[in-house]
Amino acid sequence: MKFVINICLGLIFIISGCSSQVVDKKQYLVLPYSSFGPSTMSGSLLGVEWFQWLPHGDSRPTKYDVNVIIYREISLGEVKKIYPISQKKRVDYRYINYLDAVSYFNRNIIEVINMEQEGYPMGALSQELKSVKTHIINKLGN
Amino acid sequence: MSTISIVARKKTLDLYLNHQNEVGSELKKKHPKKYENYKSTDCITYVLNVLSFAYKAVGNNQMAKDIWLMGKENRQADFKGTILAKRLVNNKNWAGIYVSPDSIHPTDGDKEHTFAAVMAKRNCTFSPDKVPLKHRVVNYKPTSKNDPKFQSLYPNFGTSTLNEVDYKVLERIPFGFGLSRGGMHCWVFVEGFVYEVHWDSVGSGLYEKTALRDFPWLSSAIFVPNDVAANLKLVTLKCAVGV
């Protein structure tokens with residue numbers, strides 16, 4: 001009996017592991033809001049940095065747990081079903097199409113490099129943006 | 001005759017000192033029965049109460065009414081402090097001032113502040129909503145080189161030079177409306193101090209007054225009405241010249 005249970009558990013583990021990998025690789029990717037760079041840069045694509053159901057944020061500096069779903073070859077409706085926004089559970093997502101995400105990174109990497117060359121303090125920002133873009137492409141394809 | 005700034009200053013202080021009948025909006029939502037006889041308020045409501053009162057007092061009844069809707073991009077949209085600021089600047093000749101205690105080395109180690117400071121200087125805009133800015137007052141409380149956050153972001157950029165001259169100009173501004181972190185928080189500014197409402201409080205914790213140099217939100221923007229904007233003794237940003 002124990003042997004049968006172990007086999008079943010093993011199969012469930014393999015099946016669930018494989019299927020989540022396939023879905024994750026081909027269709028969508030979850031990233032924190034902050035991976036898109038400073039909110040002054042990303043806000044026009046992602047929307048507000050605080051929970052979207054609030055008229056504004058807390059009066060004390062607060063980090064809100066907002067995640068971004070980048071999706072490709074799957075409809076927005078399906079993504080929303082998999083990752084629903086829930087005010088009650090304080091779960092907030094922003095849904096960004098793969099092409100919009102990649103073009104956002106392409107545009108801003110160039111802009112940050114330009115600002116760096118103009119002498120503005122940009123630190124490692126262009127590298128950070130490049131590495132997130134690479135991660136997206138690796139996961140969702142080129 | 002009183003100007004909009006003078007009346008707004010008076011109303012700001014009046015509400016700060018007298019708010020026995022008010023409660024933070026989030027607290028009221030949690031305990032509606034307990035606070036049923038209290039008026040709900042929060043950071044943006046404080047700003048709008050002051051502005052509406054001030055416009056009415058100077059005889060502009062239309063603006064006193066319109067101000068409650070000016071922050072909505074359309075009928076369905078949420079009210080946003082950044083949209084209100086944008087319209088006050090573009091349509092009512094208000095002026096935007098970007099402020100930051102240290103434009104390069106924020107004490108919270110968040111690169112958002114430094115990036116916002118660059119956008120202010122380079123593009124004359126604040127927040128993703130691109131609210132126009134005319135001035136920039138920075139480095140009124142430079143971060144020490146020994147601060148661990150100084151090292152974490154841009155250690156190759158030296159210590160910022162203390163700028164007390166421009167801060168003194170801010171201390172003479174009778175009234176302004178402030179926004180932090182792209183509009184996440186709104187507040188009122190009077191003579192160097194931030195006056196704000198905490199939406200989860202009541203009584204003595206509901207309103208708070210903090211010197212701008214000690215304000216924990218760090219980088220922000222202050223918008224001042226046209227009666228003061230025209231005579232501000234601050235350098236106009238290059239990108240704002242002729243705009």
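For residues in the stretch A:108-142 being charged (D, E, K, R) and within 14 Å of chain B (Cβ to nearest Cβ), which is farthest from the chain's Cα centre (by Cα)?
Residues of the stretch A:108-142 that are charged (D, E, K, R), as a first pass: A:111, A:116, A:118, A:128, A:130, A:133, A:139.
If we keep only those that are within 14 Å of chain B (Cβ to nearest Cβ) as well, we get A:111, A:116, A:118, A:128.
On the way: A:Glu111: 21, A:Glu116: 26, A:Glu118: 30, A:Glu128: 14 Å.
Looking at the filtered set, the residue picked out is A:Glu118.
Could you say which residue among B:Asp102, B:Asp108 is surrounded by 21 or more Cβ atoms within 10 Å (Cβ to Cβ), in contact with a helix residue (DSSP H, G or I) (Cβ under 9 Å, 6 or more places away or on another chain), part of a loop (DSSP other than H, G, I, E, B) and within 14 Å of another protein chain (Cβ to nearest Cβ)?
Numbers: B:Asp108 fails: surrounded by 21 or more Cβ atoms within 10 Å (Cβ to Cβ).
Exactly one residue qualifies, and that residue is B:Asp102.
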Name the residues in the stretch B:127-150 that are away from every other protein chain (no Cβ under 14 Å) and not in a loop (DSSP other than H, G, I, E, B), would you? B:Pro132, B:His135, B:Val137, B:Pro148
Could you tell me whether B:Ala221 is farther than 25 Å from B:Lys39 by Cα, surrounded by fewer than 22 Cβ atoms within 10 Å (Cβ to Cβ) and aliphatic (A, V, I, L, M)? no
The stretch A:21-122: helices (runs of 4 or more DSSP H) wholly inside it with 2 or more residues that are of a type in the set (D, E, K, R), surrounded by fewer than 16 Cβ atoms within 10 Å (Cβ to Cβ) and at negative phi are A:76-82, A:98-117
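Being within 14 Å of another protein chain (Cβ to nearest Cβ), surrounded by 17 or more Cβ atoms within 10 Å (Cβ to Cβ) and in a loop (DSSP other than H, G, I, E, B) is the filter here; which residues of the stretch B:36-76 pass it? Step through it out loud before you land on a result.
Applying the first criterion (within 14 Å of another protein chain (Cβ to nearest Cβ)) to the stretch B:36-76 yields B:40-48, B:68-69, B:71-73, B:76.
From what is left, the residues that are surrounded by 17 or more Cβ atoms within 10 Å (Cβ to Cβ) are B:41-48, B:71.
Across the stretch B:36-76, the qualifying residues are B:Asp42, B:Gly71.
Evaluate the stretch B:166-185: report whether one residue or more is within 25 Å of B:Ala8 (Cβ to Cβ), more than 11 Å from chain A (Cβ to nearest Cβ) and free of Cβ contacts under 8 Å to residues at least 12 places away in the same chain. Explain how you work it out, then say what you get.
In the first step, residues of the stretch B:166-185 are kept if they are within 25 Å of B:Ala8 (Cβ to Cβ); the result is B:166-185.
If we keep only those that are more than 11 Å from chain A (Cβ to nearest Cβ) as well, we get B:166-178.
Of the ones still in play, those that are also free of Cβ contacts under 8 Å to residues at least 12 places away in the same chain are B:168.
Scanning the stretch B:166-185 turns up at least one residue that is within 25 Å of B:Ala8 (Cβ to Cβ), more than 11 Å from chain A (Cβ to nearest Cβ) and free of Cβ contacts under 8 Å to residues at least 12 places away in the same chain.
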For the stretch A:107-141, how many residues are hydrophobic (A, V, I, L, M, F, W, C) and within 19 Å of B:Ser103 (Cβ to Cβ)? 5
Within the stretch B:117-126, is there a residue that is touching a Ser or Thr at 6+ places or on another chain (Cβ under 8 Å), away from chain A (no Cβ under 14 Å) and at pLDDT 95 or above? no
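The values are calculated or read from the model by the stated rules, or taken from the named source; none is laboratory data. Because the structure is a prediction, the values reported are computed rather than measured. Note that each Cβ is placed from the backbone with ideal geometry, even for glycine, and that neighbours are counted across all protein chains shown.
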